[in-house]
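Read the structure below first, then the notes.
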Amino acid sequence: MTQSTILPWIEKLKSAKKAGLLQNDRKKVHYTFDDQTEMVEEYDAKTNLLLIRKWRQKPSSGLKTLASSDIWTFEIGQSYETKPLGDNTLGMSESTTTPLFSRNDKNDCFEIRIRNLPYPVDIYQLTIDKDKREFVLRTTNKKYFKRFSIADLDRLNLPLEESNLAYSHANNTLIITYKKPKAILDFEKTVHDELKKLNMKKEGDSDCAIRTMLFHRLLLTKYNPSINFKFIRLLTTSSSPVQIEFKDGFANISVPLPSRGESCVFQLKPFNTTIGDFVDVLQKEDRGIDRASIFLSDGSRLSRNSPVELMFEEPFTLRINETSYNVQPPTLFTSNKPARDVLSDVSNSVTKLYHDLRLNQYVMYREHELERQLAFLRESAQPLNELHHQLANKAIRRLKWVQWSILAAMSFQTGVLFRLVWIDYSWDIMEPFTYFISYSAVFMAYCYYILRRHDMKYMNMSDYFYLKILHRLLRKKNFDLARYNALKNEIMIVEHDLQRLKDPLDRIVGAP
C-alpha cells in the first residue's frame, strides 16, 4: 500500500468545506464537497473513536425540498428515528424481529452487527467475493442472505483478506469483525491530524443566533421524533400568543418561534406523549430555542417525564428562552356530571363507535376467511403429513433397533470381560484392558461433544440418531421438506390468529 493510494481521498477531504462543533462530549464535523454532497462524522471527544458517519446526496432535480433535505444514509452508526404509521395501515407495522444491519467500528477493527438473528454460530457461512469486493453472508438453513462491503476499504482500494475476517454470535446478534490494515490506521491518523487544525466551536458559541440555528440544522443533532407529532407551518410574519385548540381528539398548540418570527402549530395526542417530547419537538423545529419549560400556576415546574395532559388541567406558563407566555387551556377534562354518568356516556360512545365501524361484521368476516385458509392449508399438507408420519414411525422402529443393538453389544462386552477376568486370565492381566476400554468411552463422548456441541446424554443421542435416520428416509422418498415446513409454519400462524379472534379476552365486541 503506497502513499499515492491514500492521496486522492485525503485530498478530497482537505478540499471540502468543513465546520466543527463540540457538543455533549462529541466532536461533530460537517463536510460539503464540490458536488454538494454532504458528510457528517461524529467522534468521541475523549477516545477519537468514530461513532457516526452519514451522507446526504444533492437532489437530482436541483430543488432542496423538505422530503429530500432530511434523508441521510448512515454508513457508520444507526438512525434511531421512528417511522410513523400511515393512516390506512390498520395498525400494521414493520416486524420487530426483522434483522437490523449496522456498522459500529472499533479502534483496531471494523465491526458489523446484525441483530435479530437467532440461529447458532455454526449455521452461518461468511465468505469474500473478491471480484465484486463484497462480503457474502448466508445461513445453511437458507433463512438469511446478505452481501455487503466496507466503504473504507473500497475508497483506498485495499485487497480483502480472509485472515482478517472473524465472526461470533451472542444475544441473537451476529458480530462480524475485520481487522483494520495498517494503511487504514495510517489514514485515520492523517485524518485526526487534519481535524486538529479545525476550529471546533463549542455549543452556544457563534457570531449570531441565526448562524447557530443553521449550523445546528446542518449537523442534525440526535433526536428521536415521536410519531404523535406533525408540523404545520403558518406563514405569518408576527408573533401570536400561545393558543390551544382541541379537534378530532388532537391538541393543536400554536407557539410563536423566536428565530423566524412566525407561529407554528404542533399537533399531538394528549395521552401518548410527555412534556419532554413536546420540548424536543419545539427545539427541533426552531434551533434558536435553547431551553423551554412549563410552569404551573403555583410556580412548580413540570418535569420532562410528566404526561402532557397535565398542561390542560389548569393554567400554565410556557417559558421559551427568556420569554414567558401565560396560557389558559380550554376545558377538556372537567365535568359536572357524576363519575358513573361520565363512564356510562363513554361506554355508549365506544359501543356506537364499534357499531358505526362495523367491527362485529369485520371480525366475523376475518374469522370465516381464516377458517377457509386453514382448511386449504391442511388439505395441501395432508399428503405430506401422511408420508411424514409413515417415515417417522419407520425411523422410530429403526432407532429402537439401534438402541437394542447397542445394549446387546454392551452385554456381549460384559460377558467377554467376565470370562477373561475370572476364567481365562486374572484381574492383574485384564486391568489395563478395562482401563483403555473405559477411557475410549470417555474419548468417544468428548468427540461427540466436539462434533455436535451437546452432552452425550441418552436423550440427546436418541434425538440425533432419530433425526439422522428420518432425514435419510426423507431423501430416499424425495420428500419436499422445505414446502412441508413452510406449510406447517403457515398453519401455526393461521391457528394462532384464529385463536386470538375466538378468545373472549381478545375479542372485543360492542353491546347489541
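Is there a residue being of a type in the set (F, W, Y) and under 31 Å from the mean Cα position of the chain (by Cα) anywhere in the range 472-490? Explain how you work it out, then say what you get.
In the first step, residues of the range 472-490 are kept if they are of a type in the set (F, W, Y); the result is 479, 484.
When the remaining residues are screened for being under 31 Å from the mean Cα position of the chain (by Cα), the result is 484.
Taking every residue of the range 472-490 in turn, at least one turns out to be of a type in the set (F, W, Y) and under 31 Å from the mean Cα position of the chain (by Cα).
Which residues, taken from the range 122-150, are hydrophobic (A, V, I, L, M, F, W, C) and either surrounded by fewer than 13 Cβ atoms within 10 Å (Cβ to Cβ) or modelled with pLDDT under 90 (or both)? Before the answer, list the steps.
Here is the first cut: in the range 122-150, the residues hydrophobic (A, V, I, L, M, F, W, C) are 123, 126, 128, 135-137, 145, 148, 150.
Passing the criteria: only F145.
Any idea which of (1) modelled with pLDDT of 90 or more; (2) touching a strand residue (DSSP E or B) at 6+ places or on another chain (Cβ under 8 Å); (3) farther than 30 Å from P120 by Cβ is the one K182 doesn't satisfy?
For K182, the exception is condition (2).
List, please: which pairs have Cβ atoms under 8 Å, are six or more places apart or on different chains, and start with a residue in the range 255-279 that is within 14 Å of V242 (Cβ to Cβ) and end with one that is in a loop (DSSP other than H, G, I, E, B) and β-branched (V, I, T)?
Correct list of pairs: V255/V242; P256/V242; L257/I289; P258/I289; E262/T236; E262/T237; S263/T236.
Going by the structure shown, is D455 surrounded by fewer than 14 Cβ atoms within 10 Å (Cβ to Cβ), acidic (D, E) and within 41 Å of the chain's Cα centre (by Cα)? Steps first, answer last, please.
Values: surrounded by fewer than 14 Cβ atoms within 10 Å (Cβ to Cβ): yes; acidic (D, E): yes; within 41 Å of the chain's Cα centre (by Cα): yes.
Yes: the conditions hold for D455.
Only residues in the range 441-468 that are of a type in the set (S, T, N, Q) count as the first member; pair them with residues that are surrounded by 11 or more Cβ atoms within 10 Å (Cβ to Cβ) and in a helix (DSSP H, G or I), Cβ under 8 angstrom, at least 6 apart or cross-chain, and list the lot.
N460/R452; S462/L399; S462/Q403
Return only the number of the condition from (1) at pLDDT 80 or above; (2) not assigned by TED's automatic domain parsing to the domain that holds E367 that H471 does not satisfy.
So the condition that H471 fails would be (2).
Could you go through the range 113-120 and let me know if any residue there is surrounded by 13 or more Cβ atoms within 10 Å (Cβ to Cβ), at pLDDT 90 or above, assigned by TED's automatic domain parsing to the domain that holds S168 and not in a loop (DSSP other than H, G, I, E, B).
Looking through the range 113-120, at least one residue is surrounded by 13 or more Cβ atoms within 10 Å (Cβ to Cβ), at pLDDT 90 or above, assigned by TED's automatic domain parsing to the domain that holds S168 and not in a loop (DSSP other than H, G, I, E, B).
Output yes when any residue across the range 389-409 is in contact with a helix residue (DSSP H, G or I) (Cβ under 7 Å, 6 or more places away or on another chain) and over 28 Å from F479 (Cα atoms), and no when none is.
No, that holds for no residue.
Select from the range 239-262 the residues that are modelled with pLDDT under 75, touching a strand residue (DSSP E or B) at 6+ places or on another chain (Cβ under 8 Å) and over 13 Å from P329 (Cα atoms) and write down the one among them that is surrounded by the fewest Cβ atoms within 10 Å (Cβ to Cβ).
Among those that are modelled with pLDDT under 75, touching a strand residue (DSSP E or B) at 6+ places or on another chain (Cβ under 8 Å) and over 13 Å from P329 (Cα atoms), it is S240.
Under the condition of being charged (D, E, K, R) and at pLDDT 85 or above, which residue from the range 483-502 is nearest to R366 (Cα to Cα)?
The first filter runs over the range 483-502 and keeps only residues charged (D, E, K, R), leaving 483, 488, 490, 495, 497, 500, 502.
With the extra rule that they be at pLDDT 85 or above, the set shrinks to 483, 488, 490, 495, 497.
Values: R483: 26, K488: 21, E490: 16, E495: 13, D497: 10 Å.
This residue is D497.
Could you say which residue among N489, N460 is among the polar types (S, T, N, Q) and more than 30 Å from L359 (Cβ to Cβ)? Outline the logic, then answer.
Working: N489 fails: more than 30 Å from L359 (Cβ to Cβ).
Unique residue meeting the criteria: N460.
Under 7 Å between Cβ atoms, which residue pairs at least 6 apart in sequence (or on different chains) link something in the range 486-505 that is in a helix (DSSP H, G or I) with a partner that is of a type in the set (S, T, N, Q)?
L487/S380; V494/Q373
Within the range 345-366, restricting attention to residues that are free of Cβ contacts under 8 Å to residues at least 40 places away in the same chain and among the aliphatic types (A, V, I, L, M), which residue is farthest from R500 (Cα to Cα)?
Checked the range 345-366; the qualifying residue farthest from R500 (Cα to Cα) is V346.
Which pairs do you get when a residue that is hydroxyl-bearing (S, T, Y), found in the range 10-38, comes within reach of a residue that is assigned to a strand (DSSP E or B), reach meaning Cβ atoms under 6 angstrom, with the pair 6+ apart or on two chains?
Close Cβ pairs (under 6 Å, with a partner that is assigned to a strand (DSSP E or B)) amount to Y31/K18; Y31/M39; T32/K17; T32/E38.
State whether one or more residues within the range 332-344 are touching a residue at least 12 places away in the same chain (Cβ under 8 Å) and in contact with a strand residue (DSSP E or B) (Cβ under 9 Å, 6 or more places away or on another chain).
The answer is yes; a qualifying residue exists.
Of the residues K18, K14, which is in a helix (DSSP H, G or I), modelled with pLDDT of 80 or more and over 28 Å from the mean Cα position of the chain (by Cα)? Show your work before the answer.
Details: K18 fails: in a helix (DSSP H, G or I).
So the residue among K18, K14 that is in a helix (DSSP H, G or I), modelled with pLDDT of 80 or more and over 28 Å from the mean Cα position of the chain (by Cα) is K14.
May I ask you to verify whether T177 is surrounded by 11 or more Cβ atoms within 10 Å (Cβ to Cβ) and either hydrophobic (A, V, I, L, M, F, W, C) or assigned to a strand (DSSP E or B) (or both)? Before you say what the answer is, go through the steps one by one.
On the way: surrounded by 11 or more Cβ atoms within 10 Å (Cβ to Cβ): yes; either hydrophobic (A, V, I, L, M, F, W, C) or assigned to a strand (DSSP E or B) (or both): yes.
In short, yes.
The values are calculated or read from the model by the stated rules, or taken from the named source; none is laboratory data. Quick caveat, the model's predicted, so the values are computed rather than measured. Note that each Cβ is placed from the backbone with ideal geometry, even for glycine, and that neighbours are counted across all protein chains shown.
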